[in-house]
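For reference, the structure discussed in these notes is given below.
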Amino acid sequence: MTKTILAIDDSKAVRDMVAFTLEPQGFRVVSAENGADGLQKLRSERPALVITDLNMPVMNGIDFISNARRDAAGTGVPIVMLTTESSPEMKAKGKAAGATGWINKPFDTDKLIAVTRKLLG
Amino acid sequence: MSGSIQDTFFEECEELLEATDEGLTAIEGGNHDPEVVNAVFRAVHSIKGGAGAFGLDELVAFAHRFETVFDEVRANRLELEQKLVQLLLRSSDHLCDLVATARDGGETDEAHHNMLIAALDEYIPEEEEDLTFEPMGLGGGGFAPAAIDLPTAPTEETYRIRFHPMKEMYGTGNEPFFLFQALKELGDLEIKLDDTELPGFDAIDVAESYLAWDLVLTTTEPRDKVEAVFEFVEGLCELSIEGDGDAEADAAALAALEAAFGAAPSVEDGEAAPAPFEQPAPAQAPEAESAPAAAPVADAAPAPKADTAKSEQRGGPKPTLRVELERVDRLINAVGELIINHSMLAQQIANLDVADMRDVETELEGFKNLARDIQEGVMSIRAQPVKPLFQRMARIVREASSATGKTCKLVTEGENTEVDKTVIERLSDPLTHILRNAVDHGIEKPEDRESGGKNKVGEIRLSASHRSGSVCIEIKDDGAGVNRPRVKQIAIDKGLIPENAELTDSEIDNLLFLPGFSTAKEVSNLSGRGVGMDVVKNAVTGLGGRINITSTPGKGSTFTIILPLTLAVMDGMVVSVADQTMVVPITSIVETMRGSDDMINNLGADGTLLSIRGNFVPICDVAGALGLEKKDDQPPGVYLLVETETGQRSALAVDDIHDQRQVVIKSLDGVCGEIAGVAAATILGDGKIAMILDPESIIAASPSAAAFDTERRMNNAVAS
């Protein structure tokens, strides 16, 4: 069965790039523009993996992660944060909220594929 | 990387740069609200993120500094004082340039680039500065830049790994199985499950973690690759990785590693010590339900949290759709045809000899209203606020100010006024030119301003507003105003007007728009670029608009640009002139009236005036102005009272008024060139082509108006 990946980022370029990278790998990629939008998609699309930006308008990535972890649709789903903030606090905050892992931005496609494989097998 | 994604990135950059500029302008205006600061940070941050993905290193490096400085502001470690704000504004301009260079090629001013970087670096604290030299391609995997002195020979190594997940790890979506799979890719892996902690079946708490694994990995890969596998679960498990053979040599590295991990599992004969709880437990843990150990398995479902997300939906941006402009334009053309089609249909039906037309007319009226709704809807798609345009202008003023050594600020008003996209695009050059001129010629030097009792900082006010179906753009400066004696002298010197010309103040001001006019004493490298205000005027008239200047010596000048709301459809009055059907734009008509002989007064040899309620206005014979021959000698009986931009009223004499309707504007450019008095053409309901008149130029060509003007001037001279 094709696994669905939810990409949340306020930049369409980043969302497109995630889709562009992962679709040829046999995944279905759906996207959302911010955390609030992401929560809705999480419930409606039931993704196997979520890749989310942290700094977004409306609802940021950290809030998305903690909300997702409190949601029936989001428990146990791996959530990867995309972060340019290489600061350890940001990662710690994300982890405390329940993030599975992270990818440093700017990311290359190999890294994205590697992390996806690592979390989805 | 796909080109289209890069296009998307650049499109986004435009928006992000606008957001940056908008935020900085607000900050410059004294609004230091954290949300504003955060918005700028986010925009620059997104540009950096995208640029990194496309390997635009120069852009990344600059955006990174910009962002870092802003982060300091965000963290309240830096104060937004005037000097910093100016630097940030200039950095934002430079960021625009870098994006443009990345997109279109070409080169940026390297000296300027380095100067800004150095200036920004001054605001960046020491340890942050080091970060900026870190190579940007972080994606490649776990290379530790410092660990160069590790042995690099690919010797085989055996690691004994003890892995005991905490229950929190399962809440983060990490799966031991996938971790083992990743390890297996590195070499030979033996997996041994340790289930000794597993309680009896009835005592199982599903939220608890009982299992541990002892793994033996034989690999030639370096140690950090092995550690990288557990990257995401550090702090969420008890983990020890013990190298075989060179245990002693590794002890130091292990200690360092453990320090880095923040956890210090003591490794004694495979017996794992409890790892300290570094991370707060995820909020999800349903302890309340599952605490009693005897609780049946099925009951320990996670507690649902229902209403948290709903509140987050409020205030989100309205969903938008990106559409190619071409598709919208196709729709606009189709709507234009629909409107023509409607009027043809109406005409055909009117020609039919049907006894009872009421039903048909009702339906036809409905058709007309629908067509108008569609047209307005489509037009509103093309309509955009002038805000981005105005924001770009702030930069023009900044640059012009620094090039001339003057201090000016741009104040904008009515930024949300919506104007057709094409109009906005084509306004950019004329506005740039007017603003440069305003800074260069209008605003005085700071010292002159001070001695003249003015604020040292010159103010240029750029405003947009809707005015009865048109858009009005005003550029008002508080500078010296037009130097009329000098303007007149230059016009005479250049042979643009005769030496003895009698001109009103307003006429002298408008000499600026004559081709080949340039007032700069020495050509400055700013506005003196070989184009004069005539180019501005042409650009504006090319959009179907008008431009006008008023000026008060010592107080400043105001340029007023009036533009049609749309370039495609307008409301017009259908009239007949010498047996020709013509259309007059409804926006220029103040009122219409039927005239009688006693209202007409002669003035001079060939001028006539219309007396309306005690006032006289010159009569402009439209047929005469267009060079049309009248069949009979009957004077035209209907007058359209129109008002020009300068507030002068005239009466356009036509034979008859037929109808008031929407007409589709068809440009005559490239068909027959420019015709004085004619703005464009349209297709009427009967399929005939009708000219759309330009009242302003008809009045200019009329002898009555000229005679009236002379008369008025003489009266003024007598009065003064």
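The values are calculated or read from the model by the stated rules, or taken from the named source; none is laboratory data. All figures in this text were calculated on a predicted structure; none of them were measured in a lab. Virtual Cβ from ideal backbone geometry, glycine too; neighbours counted across all protein chains shown. The area values use the complete protein model at the heavy-atom level, side chains included, leaving out ligands, DNA and RNA. Shrake-Rupley method; radii C 1.70, N 1.55, O 1.52, S 1.80 Å.
Quick notes
- Qualifying residue in region B:436-445 (condition: open to solvent by less than 20 Å² (accessible area, probe 1.4 Å), under 20 Å from the mean Cα position of the chain (by Cα) and over 19 Å from residue B:542 (Cβ atoms)): no
- Within region A:76-99, the set of residues being over 28 Å from residue B:69 (Cα atoms) and surrounded by fewer than 20 Cβ atoms within 10 Å (Cβ to Cβ) comprises just one member, A:76.
- Residue list for region B:334-375, filter: open to solvent by 100 Å² or more (accessible area, probe 1.4 Å) and not acidic (Asp, Glu): B:348, B:351, B:352, B:355, B:358, B:370
- Single residue of region B:173-195 satisfying the filter (in contact (Cβ under 8 Å) with a residue 12 or more places away in the chain and part of a loop (DSSP other than H, G, I, E, B)) that is farthest from residue B:230 (Cα to Cα): B:195
- Single residue of B:62, B:41 found to be open to solvent by less than 60 Å² (accessible area, probe 1.4 Å), on the phi < 0 side of the Ramachandran plot, in contact (Cβ under 8 Å) with a residue 12 or more places away in the chain and over 19 Å from the mean Cα position of the chain (by Cα): B:62
- Strands (runs of 3 or more DSSP E) (entirely within region B:612-720) containing at least 3 residues that are modelled with pLDDT of 70 or more, farther than 21 Å from residue B:590 by Cα and not assigned by TED's automatic domain parsing to the domain that holds residue B:376: B:678-683
- Whether a residue is of a type in the set (A, V, I, L, M, F, W, C), within 27 Å of residue A:96 (Cβ to Cβ) and within 7 Å of another protein chain (Cβ to nearest Cβ) was assessed, and residue A:14 passes this test.
- Flag for residue A:113 being of a type in the set (Val, Ile, Thr), more than 18 Å from residue B:38 (Cα to Cα) and open to solvent by less than 20 Å² (accessible area, probe 1.4 Å): no
- Looking only at region B:170-199, residues that are away from chain A (no Cβ under 14 Å) and of a type in the set (Ser, Thr, Tyr) come to 1 in all.
- Verdict on residue B:452 being open to solvent by 50 Å² or more (accessible area, probe 1.4 Å), closer than 14 Å to residue B:556 by Cα and among the small types (Gly, Ala, Ser): yes
- Candidate set: region A:47-71, residues that are surrounded by fewer than 24 Cβ atoms within 10 Å (Cβ to Cβ) and within 18 Å of residue B:175 (Cα to Cα); chosen: the one farthest from the other protein chains (Cβ to nearest Cβ): A:48
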